[in-house]
Amino acid sequence: MNTHHTAVVTGIGLVTPLGNTKEKLLENLTKGRAAPLSEVPFDFPHYPSMKVFKIQESYFSEKECFLDPFIRYGLSAAKEAVTDARLDLSQCDLRRVGVVVSSSKGGVATFAEAVSAYRQKSSAFNKNSFYETFSPASLSRIITERFQLRGPVKNIATACATGTHSIIEGVRMIEDGEVDFCLAGAADASIDPLMLSGYQQMGVYASDGIYPYDIRRDGFVIGEGAGVVLLERKESAQARGVKQYGEIDGYVSGQETNNVLMFDAEDDILARLFKLLVERLDDDTIDYLNTHGTATRAGDVYETQQIKKAFGSRAYDISLSSTKSFMGHLLGAAGAVECIICLLSMQHNFVPPTINYQKKDPVCDLDYTPNTMKEKHIGRAVSLSMGFGGQIGIVSMKK
């Protein structure tokens, strides 16, 4: 007979353009202060440069320099999550510690360097280094090696829903009693000419900045980073006497295959998933919803309409925001970082704002918390992620 356990978050770690500690991230969110934009020069006639959000600090040891940036970010976030949870791994059964710290893109920088080296001189291509750091699955494997863990190791690649789905899988492993502890989250570092020009050609990359739900919006700006949480059973956290950021009390996943770039407004998959989530919760109160909010012309309208279809008139009472307005779209890492933001919003009772919101779009008429944070009791926060290809993940957290 299976025993169902309640999963709680006792440790968080992150590396983002907005700050590499929860304290710095929290400070910038509450003050409405965005990460600085950088320009990446290209040797392309049509794209002389593109704006991005880059990690601002370099704090990695020399022995880790050969690792792809996405691995460095994810490894750093995992270390911080373990420390934050006050977890002494030497006292744990390492066969009962799982890792689901994923990447949707893998070693983009490693791939680009390998291609360049191979073209210049094929014998210079370092196969061992390439295969150790290129695969998206390398991150979970290296975290497992560094901590000498022996539990289940997984990588989930579902585009921009990767981080959310990884946390969902980590929660499921705790609930089912498969592991006692689990590191879950994601990292991506895809600031590369090929990747950026691809988004540009798809018509989803912003011309000068990211403006979710604003009528001026014309796409997203890419960022890089990682978010990792340490999950454990509620009774375990209570026995250890550690702080609990929140309980994961619900989650749903879905898929819609109408179009790689756009969701079908007539299919209502997102509205149906929200309704399913609410059915699984012990009550239907949602105090804060961190939206996907990528600032694409169609995407923000789709989310708004689907939220209204799911919640009816109550949709106008839910505080929403897109925190991508602060640091851009972290791709596979976005959902994990946004789950952490939800946990911080519950801990500190505030709604992060959607910044850069100046000109209202009449079609986007919900409460997006424009420009200034709102003090509010947050008993339950929900994070939504949606990926190119139709993947959807939603996670609910409560105090």
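None of the figures in this text is laboratory data; all of them are computed from the coordinates on show. Since we're looking at a predicted model, the values are computed, not measured. Cβ coordinates were reconstructed from backbone atoms using ideal geometry, including for glycine residues, and neighbour counts include every protein chain displayed.
Return the FRET efficiency for the residue pair R96, E23: r is the Cβ-Cβ distance, R0 is 35 Å, and the value is rounded to the nearest 0.05.
Values: r = 31 Å, r/R0 = 0.88.
In this case the efficiency is close to 0.70.
In region 265-346, which GluC sites (Glu not before Pro) fall in coil by DSSP and have 10 or fewer other Cβ atoms within 10 Å?
Answer in residue order: E266.
Rank these for me by crowding, H4, H292, going from fewest to most other beta carbons within 10 Å.
Numbers: H4 8, H292 28.
Result, fewest neighbours first: H4, H292.
Divide by every residue of the chain the summed helix terms, -39500 (n - 2.57) for each DSSP H run of at least 4, and state the resulting mean residue ellipticity at 222 nm, rounded to the nearest 500 deg cm²/dmol. Walk me through the numbers on the way to the answer.
On the way: 12 runs with 133 residues, N = 399.
Calculated mean residue ellipticity at 222 nm is -10000 deg cm²/dmol.
Suppose we keep just the DSSP beta bridges with both residues in region 246-398; what percent of those would be antiparallel, to 5? The partial results should precede the final answer.
Details: 18 of 25 bridges.
About 70 percent, rounded to the nearest 5.
Across region 246-398, how many lysine pairs, 8 or more apart or on two chains, come within less than 20 Å at their alpha-carbon atoms?
The result is 11.
How high is the FRET efficiency from D282 to R119, r the C-beta distance, R0 51 Å, rounded to 0.05?
Values: r = 58 Å, r/R0 = 1.14.
Efficiency for this residue pair is about 0.30.
Which whole-angstrom value gives the distance between the alpha carbon centres of region 150-219 and region 225-250?
So the separation of the two Cα centres works out to 21 Å.
Points 7 angstrom from Cα along the Cβ direction at E39 and Q201: gap in nanometres?
For E39 paired with Q201, the spin-label model returns 2.4 nm.
Please label the shape of region 246-398 as rounded, prolate or oblate, based on the square roots a ≥ b ≥ c of the eigenvalues of the alpha-carbon gyration tensor (a/c under 1.5 means rounded; beyond that, a/b larger than b/c means prolate, else oblate). Could you put the intermediate results ahead of the total?
On the way: a/c = 1.35, a/b = 1.13, b/c = 1.20.
Rounded shape, in that the Cα axes give a/c under 1.5.
Classify region 7-240 as rounded, prolate or oblate, taking a ≥ b ≥ c as the square roots of the eigenvalues of its Cα gyration tensor: rounded when a/c is under 1.5, otherwise prolate if a/b is larger than b/c and oblate if not.
It comes out oblate by the Cα gyration axes.
With a Förster radius of 30 Å, plug the Cβ-Cβ distance of K31 and A298 into 1/(1 + (r/R0)^6) and report the FRET value to the nearest 0.05. Walk me through the numbers before you get to the answer.
Numbers: r = 31 Å, r/R0 = 1.04.
The formula returns an efficiency of 0.45 here.
Taking the Kirkwood radius as the inverse of the mean 1/r across Cα pairs, report the Rg/Rh of region 235-296.
Values: Rg = 16.4 Å, Rh = 14.8 Å.
Value, to two decimals: 1.10.
What does the highest-first list of 307-314, 343-350, 392-399 look like by mean Cβ count within 10 Å? It would help to have the intermediate numbers written out before the result.
Values: 307-314: 15.2, 343-350: 20.4, 392-399: 23.9.
Answer by packing, highest mean first, reads 392-399, 343-350, 307-314.
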